[in-house]
Amino acid sequence: MKTKHILYSILIFSILVGCSRKRKESNHFETNSNVKYAKNFSIKINKNYIEFHLLNPETNEIEKKFALIKNDSIKVPEGFTPILVPIKSTITLSSTHIGMLSKLNACNLVKGISNHNYVYEPSILERYKKGEVIELGDENSISVESIIRSQSDLLIYSGFGKEFPHQEQLEKLGTICLANYDWKENHPLGKAEWIKVFGYLTGKEEIASIYFKAIEKDYLSLKKMASKLKDTPSLFSGNLVGDIWYSPAGESYNAILFKDAKGDYKYANSKGIGSIENSFEQIFSDNLNTQYWFNPGIESKHDLLKSQPKFKLFQAYKENKIFSYTFSGNEFWERSAVEPNHVLSDLIRILHPELKLKNKLYFYRTLSK
């Protein structure tokens, strides 16, 4: 479904990835990088440095200021933390960070990860086996000694708290801590736009810009195609965790994807960008005849019934219209944020079989028996 323009852009992107190391060094930033969808960072390009503002997802106010510089002799404004780019090494504590680095052919920079069991990228797993990448554990319990041992310039974490533990001490020792709030972005293209940040950090800003433009164009093209379809199939999402059923809130990443795929998500009018909570009884009442069920977190109908026998009464169960990405969960979590066009493409193929699209599903599969 991609246009010739998209294919051409991706071709140019591939060429740039291969040739990026051949460019001459420069102390100036020239690529213009307007932030169009992301809400949790801003970028301002100056002659000798880039202002990177990390915005608090709750208040939308500036949380921290960074100055990306190509020469450590460049003076930066007061209140800015300097980062010498391109970075030579990094610790990445979220799978989405690895996914973005992989698109920039920069996974060789990764020196530390949280847990190898949650990594999909083959090159990082291979280097982990060789001892070239260390495993650090959960970000709230990582020792300062292990971070220092990795000899990394930069530590990128999810920012669930205000600051990384021992952040001030680490920065004095030469490891800058950078929170990444891509997981707080509600628009699919907002999540993907964080690749621009990784582009500037790795010195591959032009590659990142071209990649994002190609993804954006493909996503919007798919959305436009879906908007012209007549049918709007009904759907719900999630599963029980204990006694609570967690579903995407109506302003969330997943809810927007459902809408852009021309689906009638049952809780589209709920507020918030996180999750909403319901009892099983409420979900059962609302969705007994709903056509599709997404993201149950279980790979087989057999296991689904073991968790709750009443699931067999759902129309979606009876008609085998339950779809999950957990068949390759690591791949999904690592790449879906930077490939929202593929997620949208999957949803359109599932919800609108009348299109008779030939391409196979990218992330999703129907549940096995």
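Summing charges over all other residues whose Cβ lies under 14 Å from the Cβ of Ser307, with Lys and Arg as +1 and Asp and Glu as -1, gives +1.
Counting only DSSP H runs of at least 4 residues, each contributing -39500 (n - 2.57), and dividing by the residue count of the chain, the helix-based mean residue ellipticity at 222 nm comes to -10000 deg cm²/dmol.
Size descriptors for region 273-338 (Cα atoms only): Rg and Dmax, in that order, 13.2, 37 Å.
Would you mind counting up the charge near Lys223? Only other residues with Cβ under 12 Å from its Cβ, with Lys and Arg at +1 and Asp and Glu at -1.
Numbers: positive: Lys217, Lys224, Lys228, Lys259, Lys262; negative: Glu216, Asp218, Asp260.
Summing Lys and Arg as +1 and Asp and Glu as -1 gives +2.
Step through the table entries Lys230/Lys321; Lys44/Lys75; Lys191/Lys271; Lys44/Lys64; Lys88/Lys129; Lys75/Lys184, compare each Cα-Cα distance with 24 Å, and write down the pairs that go over it. Correct reply: Lys75/Lys184.
How compact is the chain by the rule of thumb for globular proteins, expressed as Cα Rg over 2.2 N^0.38 Å? Intermediate results must be reported in sequence, preceding the final value.
Values: Rg = 21.7 Å, N = 369, 2.2 N^0.38 = 20.8 Å.
That ratio works out to 1.04.
Distance between the pseudo-spin-label points of Glu299 and Val144 (7 Å out from Cα toward the beta carbon): 4.2 nm. Computed over region 4-216, relative contact order equals 21 percent, with contacts defined as Cα pairs under 8 Å that lie 6+ residues apart.
Normalised by the number of residues in region 229-366, the average gap of Cα pairs under 8 Å and 6 or more apart makes the relative contact order 24 percent. Ranked by how many other Cβ atoms sit within 10 Å of their own Cβ, fewest first, the residues Arg335, Arg349, Arg149 fall in the order Arg149, Arg349, Arg335. Mean sequence separation of contacting Cα pairs (under 8 Å, at least six apart), scaled by the length of the chain, corresponds to a relative contact order of 14 percent.
Multiplying the residue separation of Lys162 and Asn46 by 0.36 nm and subtracting their alpha-carbon distance yields 39.0 nm.
Full extension of the chain between Leu361 and Leu229 gives 45.6 nm of extra length, using 0.36 nm per residue less the Cα-Cα distance. Listed from fewest to most Cβ neighbours within 10 Å, the set Trp245, Trp183 follows the order Trp183, Trp245.
Modelled spin labels at Asn60 and Asn117, positioned 7 Å past Cα toward Cβ, are 4.0 nm from each other. Computing Rg and the Kirkwood Rh from the Cα coordinates of region 229-366 gives a ratio, Rg/Rh, of 0.93. Hydrodynamic radius of region 138-260 by the Kirkwood approach over all distinct alpha-carbon pairs: 17.8 Å.
The convex hull drawn around the Cα atoms of region 4-216, when projected onto a plane and averaged over every direction, covers 12.0 nm².
The order of Met100, Met225, going from fewest to most other C-beta atoms within 10 Å of their C-beta, is Met225, Met100. Taking amide H as placed 1.01 Å from N in the peptide plane, the amide H of Gly203 sits under 5 Å from that of Ile87, each at least 5 places away or on another chain. Count the net charge of all other residues whose Cβ sits under 15 Å from the Cβ of His116, scoring Lys and Arg as +1 and Asp and Glu as -1. After counting each charged neighbour, the total is -3. With 0.36 nm allotted per residue and the present C-alpha distance subtracted, the Gln315-Phe284 stretch has 10.1 nm of extension available. With the simple model of a label 7 Å out from the Cα in the direction of the Cβ, Glu132 to Asn330 spans 1.7 nm.
Laboratory data are not the source of any read-out in this text; all were calculated from the coordinates shown. The model shown is predicted, which means the values in this text are computed figures rather than measured ones. Positions of Cβ are generated from backbone atoms using ideal geometry, with glycine treated the same way; all protein chains shown enter the neighbour counts.
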